[in-house]
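Colleague: Starting off with a structure, shown below.
Nothing in this text is a laboratory measurement; each read-out follows from the coordinates by a stated rule. All of these numbers come straight from a predicted model, not from anything done at the bench. Please note: Cβ atoms are built from the backbone with ideal geometry, for glycine as well, and neighbour counts cover all protein chains shown.
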Amino acid sequence: MKKYYYRSIDLSKVETLVYHLPEGPALSVEMGELDGIFDLDMEIGDICDTSDIDGVMHFFPKGNA
């Protein structure tokens with residue numbers, strides 16, 4: 001049985017989102033450019049949040065994580 005849960009993402013300290021695409025490439029997006037591109041609450045995958053250290057959050061969609 002799979003467990004699904006809602007996890008709120010705090011984007012207040014994030015300056016850059018690095019979205020790791022399938023097959024290896026990564027897309028780097030400044031948070032000001034994020035509106036309308038990604039809805040991280042609806043995405044399935046793993047997040048590596050280092051925004052407290054360097055302002056960057058890495059997102060690995062399911063299948064790449």
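Colleague: Quick check on packing: order 45-53, 20-28 by the mean number of other C-beta atoms within 10 Å, highest mean leading.
Modeller: Averaged packing, sorted descending, gives the order 45-53, 20-28.
Colleague: Modelled label-to-label distance, SER12 and SER28, 7 Å Cα→beta-carbon offset: nm?
Modeller: My value for the distance between the label points is 2.6 nm.
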